[in-house]
Amino acid sequence: MIRVEELEKHFGALHVLKGVSLEVQKGEVLVIIGPSGSGKSTLLRCINLLIEPDSGRVFLDGTQVNRRDIRPEWVRQQVGMVFQSFNLFAHLTALQNVTLGPIRVLGTDPTTAGAQGRKLLARVGLADKADAYPAQLSGGQQQRVAIARALAMNPKAMLFDEPTSALDPEYIREVLDAMAALARDGMTMIVVTHEMGFASEVAKRILFMDAGRIIEEGSPEEIFHSPKQERTRMFVGKILR
Amino acid sequence: MPATFDEQRRSRVRIVDILLAILVTVGILAYILDVLALRWGLSTAYIGRSYPNYLKAAWISLYVTTIAYFIGMGIGFVLGWARSVRTLPLARVMAARRREAVAAADGGSPGAGLFLGTLLVYGIKYYVRRTADAYVAIIRGTPLFVQIVFVWSAVLVFYPRLDPLVQGLLAGVIALTANTGGYQSEIFRAGIQTVHSGQVEAGRAIGLSRWGAMRYIVLPQAVRLVIPPLTNEYIGLLKASSLLAVVGSVPELTTFGRSEAFQTFHIFEAFALVVGIYLLITVPVSKVVEWIERRYRIPGLGIQAPRTARV
């Protein structure tokens, strides 16, 4: 479904990605962990081309998509993204947040988009919040609207960039539940997160990244309980404690 | 619904407030009238007779200002956007492209068209940005008075045969448009840059184009943020339109008032009318904008309802 080969990215003098390759099958959930500054977020953004990689190839369904003859907007329509800080459109209601993409990008007529939007909001448990503005929602509710917004584009895969890191502890559960439900429905997902419970429960594979490289890959059991690399052991030791 | 004790008390307080305000205003007006009419011999007959002519002159001020303001808004938005875009020096971009092309060369040779495209896209971006910077520097760095005189003399030189009124109007509108365009670009730049970058990123992530993100996400938020400074700019521009008096051939409010003053020698009456009419325009404009602001206010975004002091 998603394949990445030898991604390289520099920000000025900073070498953020140093030849990262990975592959995710259809319906698979891949979790990426690693210390901050290790390039996880950059990697996600290179996959939906929010950031243009310096070199390397990104494949979606077997087609290389980081080519000049493919519009990055077209790629982003098919790969949904959920951000750490929600980034709900502050001037739109929850429902308008969800329907903006279908109406303005896909050209869906507003009535149909509205009906779909309400269904999606119901799916993340927010049917009654359709007309609330982001500032009137809790962090957990905002993040669930953000998930619905990404789903509204009917994506082939979803990217989650630390979706619970900015949340108060009391709201983490509801977001993780929504994500787990999505995984059960067979969505292909790449999730950057430090929620070990979620990772063990939902992911088959975990990648550990550090300093722009993938250091280790394995099942949750292997990564959390018997990591092979010293750096993985140190990192996991810190977050499990 | 029965009013609570607190509400009743507050409404009583409000009535007292209003009465006090009216009393003070009437007192001040009476004093001014006394000074002007009785001690200086202000001719109310002149005012009553000629105020329609002043209103006509005010319409010219209003037209010139409004036309310049809205054309300037277009210029301001484009320049402001250009100035908020991050650009890179061309040499750096080309060097990066060359590196990339060499890296990709095993899959085929890089076409010259690719380089040309890059040069075009980044070159245009870079020079548009620099031009916008220079424009704003020139507009902000020189007096509006000088700008008007300069444009006016240019019009006189290039179109010497035009009617003086048309020459004056042309010069006035061009100078005011150029000026407000420069100032509004700074307002728009501030507005655009205040909208959190995550908002654009989220918009781009659902597949919106650069323009789409601007149109549907940044602008609706930025405009709400910059309504107060934009109003300020309009009022400022209306007042600045009085500088067209230097041109002389455009009978806008100040020009008209001045010529009346020195032809009829009703000097105080003339300028009292001019001042009064400027206020008559600017005060309602701010009130209308306040209403618009309230009407389009969104919870949690930008300027919130002002906290009023409770007695």
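From the list A:LEU43, A:LEU100, the lone residue that is open to solvent by less than 30 Å² (accessible area, probe 1.4 Å) and over 19 Å from A:MET1 (Cα atoms) is A:LEU100.
Here B:GLN199 meets the list (1) away from every other protein chain (no Cβ under 14 Å); (2) farther than 17 Å from B:PRO143 by Cα almost entirely, failing just condition (1). For B:LEU238, the stated conditions do not hold, so it cannot be described as at pLDDT 90 or above, open to solvent by 30 Å² or more (accessible area, probe 1.4 Å), of a type outside the set (Lys, Arg) and over 30 Å from A:ALA94 (Cα atoms). Considering only the range B:263-273, I want to know if a residue exists there that is open to solvent by 10 Å² or more (accessible area, probe 1.4 Å), facing another protein chain (nearest Cβ under 10 Å) and free of Cβ contacts under 8 Å to residues at least 12 places away in the same chain. Scanning the range B:263-273 turns up no residue that is open to solvent by 10 Å² or more (accessible area, probe 1.4 Å), facing another protein chain (nearest Cβ under 10 Å) and free of Cβ contacts under 8 Å to residues at least 12 places away in the same chain. If you go through the range A:195-241 and keep only what is under 30 Å from A:ARG123 (Cα atoms) and in contact with a strand residue (DSSP E or B) (Cβ under 6 Å, 6 or more places away or on another chain), you end up with A:ALA199, A:VAL202, A:ALA203, A:ARG205, A:ILE206, A:LEU207, A:PRO220. Scan the range B:220-262 for residues that are without any contact (Cβ under 8 Å) to a residue 24 or more places away in the chain and over 16 Å from the mean Cα position of the chain (by Cα) and jot them down. Answer for the range B:220-262, where residues must be without any contact (Cβ under 8 Å) to a residue 24 or more places away in the chain and over 16 Å from the mean Cα position of the chain (by Cα): B:PRO220, B:ALA245, B:ARG258, B:SER259, B:ALA261, B:PHE262. Here is the figure for the range A:196-219: residues that are in contact with a Pro (Cβ under 9 Å, 6 or more places away or on another chain), without any contact (Cβ under 8 Å) to a residue 40 or more places away in the chain and under 27 Å from A:ASP168 (Cβ atoms) total 2. Taking the range A:184-235 as the range and being under 21 Å from the mean Cα position of the chain (by Cα) and β-branched (Val, Ile, Thr) as the test, the residues that pass are A:THR188, A:ILE190, A:VAL191, A:VAL192, A:THR193, A:VAL202, A:ILE206, A:ILE214, A:ILE215, A:ILE223. For the range A:136-157, the set of residues classified as touching a residue at least 60 places away in the same chain (Cβ under 8 Å), surrounded by 24 or more Cβ atoms within 10 Å (Cβ to Cβ) and in contact with a Ser or Thr (Cβ under 8 Å, 6 or more places away or on another chain) consists of A:GLN143 only.
Only strands (runs of 3 or more DSSP E) whose full extent lies in the range A:1-74 are considered here, and the ones with at least 3 residues that are in contact with an Asp or Glu (Cβ under 7 Å, 6 or more places away or on another chain) and closer than 18 Å to A:ARG213 by Cα are A:2-11, A:14-24, A:55-60. For the range B:187-233, which residues satisfy the criterion of being of a type in the set (Lys, Arg) and open to solvent by less than 50 Å² (accessible area, probe 1.4 Å)? The answer is B:ARG204, and nothing else.
Yes/no matrix, rows are residues, columns are (1) more than 7 Å from chain B (Cβ to nearest Cβ); (2) surrounded by fewer than 18 Cβ atoms within 10 Å (Cβ to Cβ); (3) free of Cβ contacts under 8 Å to residues at least 12 places away in the same chain; (4) not polar (S, T, N, Q):
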position	(1), (2), (3), (4)
A:LEU50	no, no, no, yes
A:ARG57	yes, yes, no, yes
A:GLN64	yes, yes, yes, no
A:ILE70	yes, yes, yes, yes
A:VAL75	yes, no, no, yes
A:GLN78	yes, yes, no, no
A:MET81	no, no, no, yes
A:LEU88	yes, no, no, yes
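Just one of the numbered conditions (1) touching a helix residue (DSSP H, G or I) at 6+ places or on another chain (Cβ under 8 Å); (2) within 24 Å of A:GLY27 (Cα to Cα) is not true of A:GLN142: (2).
Quick grid of which residues meet (1) more than 22 Å from B:LEU301 (Cβ to Cβ); (2) under 19 Å from the mean Cα position of the chain (by Cα); (3) at pLDDT 95 or above:
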{"site": "A:GLN77", "(1), (2), (3)": "yes, yes, no"}
{"site": "A:ASN97", "(1), (2), (3)": "no, yes, yes"}
{"site": "A:ILE103", "(1), (2), (3)": "no, no, yes"}
{"site": "A:GLY107", "(1), (2), (3)": "yes, no, no"}
{"site": "A:ARG118", "(1), (2), (3)": "yes, no, yes"}
{"site": "A:GLN141", "(1), (2), (3)": "no, yes, yes"}
{"site": "A:ALA148", "(1), (2), (3)": "no, yes, yes"}
{"site": "A:LEU151", "(1), (2), (3)": "yes, yes, yes"}
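The values are calculated or read from the model by the stated rules, or taken from the named source; none is laboratory data. Model, not experiment: these values are computed from the prediction. Note: ideal-geometry Cβ built from the backbone for every residue, glycine included; neighbour counts use all protein chains shown. Only protein heavy atoms, including side chains, enter the accessible area calculation; ligands, DNA and RNA are left aside. Shrake-Rupley method; radii C 1.70, N 1.55, O 1.52, S 1.80 Å.
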